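Trainee: Below is a structure I'd like to ask you about.
The values are calculated or read from the model by the stated rules, or taken from the named source; none is laboratory data. Please read these numbers as outputs of a predicted model, since none were measured by experiment. All Cβ positions, even for glycine, are placed from backbone atoms using ideal geometry, and neighbour counts span all protein chains on display. The area values use the complete protein model at the heavy-atom level, side chains included, leaving out ligands, DNA and RNA. Shrake-Rupley method; radii C 1.70, N 1.55, O 1.52, S 1.80 Å.
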Amino acid sequence: MATNKELAELIFPDVKETVSDLEKRYPDRNLKEGAFVTRFAPSPTGFLHTGSLFTAMIADKFAKQSGGVSFFRLEDTDQKREIEGTGLDLVRQLKKFGIVFDEGYYGDHEEGNYGPYVQSKRADIYKVVIKELIKKGRAYPCFCSKQDLDELRLVQQANNVIPGYYGEYAKCRHYSIDEMIKFIKEGKPYVIRFKSKGNHLNYIRVHDMIRGDLDLAENDQDIVILKSDGLPTYHFAHLVDDHFMHTNLVTRGEEWLSSLPIHIELFASMDWKAPYYAHLPVIMVNDLETGNRRKLSKRKDKEAATSFFLEQGYPILGVKEYLYTIANSNFEEWLDGNRNASLDDFKLTFEKFSLDGALFDLPKLTNISKELLSRLTKEEFKEQCLSWAKDYDDKLASLIESDVNKFEKIINIEREQEKPRKDYEKFSDVYNKIEFFYNDNYDKLLKENKLPFSEFINVDVIKSFLNDFASDLDRTLNMDETEWFNAMKEKGLKHNFADDRKIYKANPDKYVGWYADCISLIRIAVSTSTQAPKLYDVLKILGKDEIQRRIELVCKTLD
Ligand code: GLU
């Protein structure tokens, strides 16, 4: 009767290395007590999903804050789903969010002593371990065809038993080694399966760093570990890679929690210590159609792709701060008390993680972003805005570059003060809000839009008030804000605007409007909109000649 060793040699005649050779090649990392080795392990199947950014950020944070190591591993064993070139895109997009791992795959090269960090380049390593498992009698070749497995599923459905390849249903585990050798020699195609010793009626206690102790059904599935294309499945690659790369904390999406018993059994089968696990909450949204919560979906939600935040010009820090609010329930409070601290100063903890799927909340991100943008100095704002505009908005980039000084003055209106104005949610708001300051754009706006003057104010009144205002700029533009305010009031009175709302409301026939209405006439005339920022500052930036030119143009359009 043939032995498992003979079977292993037959399947892997070329594999000469042993597990202990690998242990020597990938020695302990010798980090200090409590240092976490974490990894981000995406598959190259498209763009960087917001959930993946979240996972990447958390993995990197736990490593860095504990004095450990984070690395990037590309999980490209499902070559059917792979989209060429997206590994590099992932690295680049993460970098835009300031996430750079300590070692691993960098798109065009690798760094670190525990590689290769791309799974498709690790086929030889997986084979060493599989050979060992076969020798130990913990793995075997399975010759079942797709049709065999389909039939098995139907039988299991009909009998109302748990589906899968296990126990009595795992046909190939019951072949003798001689039979297996015979089939292989006959050239029958096969995959390699793990031979489970579990029983799903037993419960095992597992520990999740976020969720605590959990009792889960033991694994009894003889899962495929090596596919017919010579590459491992996720479960097996996780075992081998995280062992030899010395990951001691696996942070991954909660969708993997149900596979944890498989992973625990795999580690036990090799007598290896399993890492700590932290299953992170999945980011959810409220579905507008059904009203139910569901996972953030790449097909339905624009916020599912991190490129959305980049294109819209949300400040990078804002997006990260927002994701931290999803991660730890005490983060917002910390942020309120530590406005000027760096995110690196925040200590992320397992205890404060939210347990159920975290709800993605765009208005909240918007608030965080507004707050952040309002606190930038004019130079910081200019720098970040210009760098964004160069990538995403040529028109804005050329406005800024046409006169940097002017741009800084514009965005400095009610900035750099104790309670700065929260005008901007994201950099893509900037162009529309400031374009009226630029003469050519103003002319275009004037042509394209009907000025929103109040229909209750007679055109002659508007014109005479505006002309009076325009002819008196030498005097009024040099006033300080309070003086200017009083001067405008006086001018209003002269043109029969009441200086108080109550007075106007009590005698609407006696007046043409009240003070705020005449300020609004100026605002609309110089900006074409009722929304412009503080008028006193706007006028100072435009200057006398340009204000006069605009008033003249406006009066012409009223003729
Ligand atoms: N490649 C897996 C995924 O993209 C990684 C999960 C893990 O971090 O272990 O979901």
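Trainee: Would you please give the FRET efficiency between Lys395 and Asp537, computed as 1/(1 + (r/R0)^6) with r the Cβ-Cβ distance and R0 = 25 Å, to the nearest 0.05? Show your work: numbers first, answer last.
Mentor: Working: r = 23 Å, r/R0 = 0.94.
It comes to 0.60.
Trainee: Moving on to the next point. Rounded if a/c is under 1.5, else prolate if a/b beats b/c, else oblate: with a ≥ b ≥ c from the C-alpha gyration tensor eigenvalues square-rooted, which is the range 436-495? List each step's numbers first, then the result.
Mentor: Details: a/c = 2.44, a/b = 1.33, b/c = 1.84.
In terms of gyration-tensor shape, oblate.
Trainee: Here is a further query. Can you pull the accessible area of Tyr392 for me, 1.4 Å probe, Å² to the nearest 10?
Mentor: 80
Trainee: So if I place +1 on the C-beta of Lys and Arg and -1 on the C-beta of Asp and Glu, and nothing else carries charge, what would the dipole magnitude of the range 7-92 be about its Cα centre? I want it in debye, nearest 20.
Mentor: Details: 12 positive and 14 negative charges, 96 e Å.
Dipole about the Cα centre, nearest 20: 460 debye.
Trainee: Order the following by accessible area, largest value first: Asp559, Asp468, Asp150. Probe radius 1.4 Å; ligands, DNA and RNA are ignored. Before the final figure, lay out the partial values.
Mentor: Details: Asp559 135, Asp468 25, Asp150 50 Å².
Result of the area sort, largest leading: Asp559, Asp150, Asp468.
Trainee: Between Glu289 and Asn367, what length comes free when the chain is fully extended (0.36 nm per residue of separation minus the Cα-Cα distance, one decimal in nm)? Please list the in-between numbers first.
Mentor: Details: separation 78, 0.36 × 78 = 28.08 nm, distance 2.49 nm.
Going from the current span to full extension adds 25.6 nm.
Trainee: What is the distance, in nm, between label points placed 7 Å from the Cα along the Cα-to-Cβ direction at Ser354 and at Lys302?
Mentor: Distance between the two pseudo-spin positions: 2.2 nm.
Trainee: While we're on this one: What are the ³J(HN,Hα) values, in whole Hz, obtained from phi via the Karplus relation 6.51 cos²θ - 1.76 cosθ + 1.60 with θ = phi - 60°, for each residue of the range 69-77 in sequence order, with x given for Gly and Pro?
Mentor: Going residue by residue, I get 9, 10, 9, 10, 10, 8, 9, 10, 7 Hz, with x marking Gly and Pro.
Trainee: Where only protein heavy atoms count, and the probe is 1.4 Å, what is the accessible area per residue for the range 485-553 in Å²? Each step should come with its number before you reach the end.
Mentor: Working: 3330 Å² over 69 residues.
Heavy-atom accessible area per residue stands at 48 Å².
Trainee: If you don't mind, another one. Considering only protein heavy atoms and a 1.4 Å probe, what is the carbon-and-sulfur percentage of the accessible area of the chain? Walk me through the intermediate numbers first.
Mentor: Values: 13100 of 27450 Å².
Within the chain, the accessible surface is 48 percent carbon and sulfur.
Trainee: Continuing with this model, one more query. In whole Å, what is the distance between the alpha-carbon centres of the range 312-363 and the range 220-285?
Mentor: 28
Trainee: Looking at the chain, what % of its DSSP beta bridges pair antiparallel, to the nearest 5? List each step's numbers first, then the result.
Mentor: Values: 21 of 37 bridges.
Antiparallel bridges: around 55 percent, rounded to the nearest 5.
Trainee: Separate question: In whole Hz, what ³J(HN,Hα) sequence does the range 285-295 give by Karplus (6.51, -1.76, 1.60; θ = phi - 60°), x for Gly and Pro?
Mentor: 9, 7, 6, 5, 6, 9, x, 8, 6, 8, 5
Trainee: Relative contact order of the chain: what whole-number percent is it, with Cα pairs under 8 angstrom and at least 6 residues apart?
Mentor: On the way: 754 pairs, mean separation 60.1, N = 559.
The value is 11 percent.
Trainee: What length, rounded to one decimal in nm, is gained on full extension from Asp28 through to Phe456, with 0.36 nm per residue of separation minus their alpha-carbon distance?
Mentor: On the way: separation 428, 0.36 × 428 = 154.08 nm, distance 8.07 nm.
So the chain would gain 146.0 nm between Asp28 and Phe456.
Trainee: May I pose another question? Along the positive direction of the dipole of the range 450-508 (beta-carbon charges: Lys, Arg +1; Asp, Glu -1; about the Cα centre), which of Leu493, Phe465, Tyr504 reaches farthest?
Mentor: Tyr504
Trainee: Continuing with the same structure: Past 19 Å, Cα to Cα, is the threshold; run Lys24/Lys227; Lys95/Lys390; Lys406/Lys534; Lys364/Lys390 against it and keep the listed order.
Mentor: On the way: Lys24/Lys227 27 Å; Lys95/Lys390 17 Å; Lys406/Lys534 16 Å; Lys364/Lys390 27 Å.
Long pairs (Cα-Cα over 19 Å): Lys24/Lys227; Lys364/Lys390.
Trainee: Efficiency by 1/(1 + (r/R0)^6): what FRET value for Lys80 and Asp108, r their Cβ-Cβ distance, R0 = 25 Å, to the nearest 0.05? Numbers along the way, then the final one.
Mentor: Numbers: r = 24 Å, r/R0 = 0.97.
Computed FRET efficiency for Lys80 and Asp108: 0.55.
Trainee: Another question, then. I'd like the orientation of helix 535-558 relative to the chain: the angle between its Cα long axis and the longest Cα principal axis, in ° from 0 to 90, rounded to 10.
Mentor: 70
Trainee: Report the paramagnetic label zone for Asp14: residues of the range 213-230 whose backbone N is under 13 Å from a point 7 Å from Cα along the Cα-to-Cβ axis.
Mentor: Those under the cut-off are 230.
Trainee: Can you give me the relative contact order of the range 388-526 as a percent, contacts being Cα pairs under 8 Å and 6 or more apart? Spell out each step's value before the answer.
Mentor: Numbers: 77 pairs, mean separation 23.0, N = 139.
Relative CO of the range 388-526 lands at 17 percent.
Trainee: Straight-line reach from Lys544: which aspartates and glutamates have a Cα under 15 Å away, not including same-chain ones fewer than 8 places off?
Mentor: Cα-Cα hits under 15 Å: Asp468, Asp472, Asp474, Glu552.
Trainee: Here's another thing I want to ask about it. Students sometimes get this wrong: rank Asp423, Asp78, Asp14 by accessible area, probe 1.4 Å, all chains present, largest first.
Mentor: Asp14, Asp78, Asp423
Trainee: When the chain is fully extended, how far beyond the present Cα-Cα distance does Thr557 get from Asp440, taking 0.36 nm per residue of separation? Intermediate results must be reported in sequence, preceding the final value.
Mentor: On the way: separation 117, 0.36 × 117 = 42.12 nm, distance 1.67 nm.
Result for the pair: 40.5 nm of gain on full extension.
Trainee: Let me ask something additional. If amide H atoms are built 1.01 Å from N in the plane of the peptide, which residues on other chains or at least 5 residues away come under 5 Å of the amide H of Ala498?
Mentor: Counting only residues 5 or more places away or on other chains, the set is Val512, Gly513, Trp514, Tyr515.
Trainee: Hey, another quick one. How far apart, in nanometres, would the label points at Asn405 and Glu332 be if each is projected 7 angstrom from Cα along the Cα-to-Cβ direction?
Mentor: Modelled inter-label distance: 4.4 nm.
Trainee: Filter Lys378/Lys556; Lys433/Lys489; Lys127/Lys171 down to the pairs with a C-alpha to C-alpha distance above 31 Å, please.
Mentor: Working: Lys378/Lys556 36 Å; Lys433/Lys489 27 Å; Lys127/Lys171 23 Å.
The pairs that break the limit, which is 31 Å between Cα atoms, are Lys378/Lys556.
Trainee: Which cross-chain or sequence-distant (5 or more) residues have an amide H under 5 Å from the amide H of Leu280, H modelled 1.01 Å from N in plane?
Mentor: It is Arg252, Gly253, Glu254, by chain and number.
Trainee: Write down the accessible area per residue of the range 154-287 in Å², having rolled a 1.4 Å probe over the full set of protein chains. It would help to have the intermediate numbers written out before the result.
Mentor: On the way: 5950 Å² over 134 residues.
Value returned for the range 154-287: 44 Å² of accessible area per residue.
Trainee: Using Cα-Cα distances under 8 Å and only pairs 6 or more residues apart, what relative contact order does the range 213-349 have, in percent? Could you put the intermediate results ahead of the total?
Mentor: On the way: 98 pairs, mean separation 19.9, N = 137.
Relative contact order, the range 213-349: 14 percent.
Trainee: Right, next: Mind checking the angle between helix 378-392 and the chain's longest principal axis? C-alpha axes, 0 to 90 degrees, to the nearest 10.
Mentor: Tilt of helix 378-392: around 60 degrees.
Trainee: Amide H to amide H under 5 Å from Val37: which residues, 5+ apart in sequence or cross-chain, H placed 1.01 Å off N in plane?
Mentor: Close amide H contacts, sequence-distant or interchain: Val69, Asn248, Leu249.
Trainee: Something else: Would you mind checking the tilt of helix 146-159 against the longest principal axis of the Cα atoms of the chain, expressed as 0 to 90 degrees and rounded to 10?
Mentor: On a 0 to 90 degree scale, this one is about 90.
Trainee: Strictly under 4.7 angstrom between C-beta atoms: which cysteines of the chain have no such partner?
Mentor: Cys144, Cys385, Cys518, Cys555
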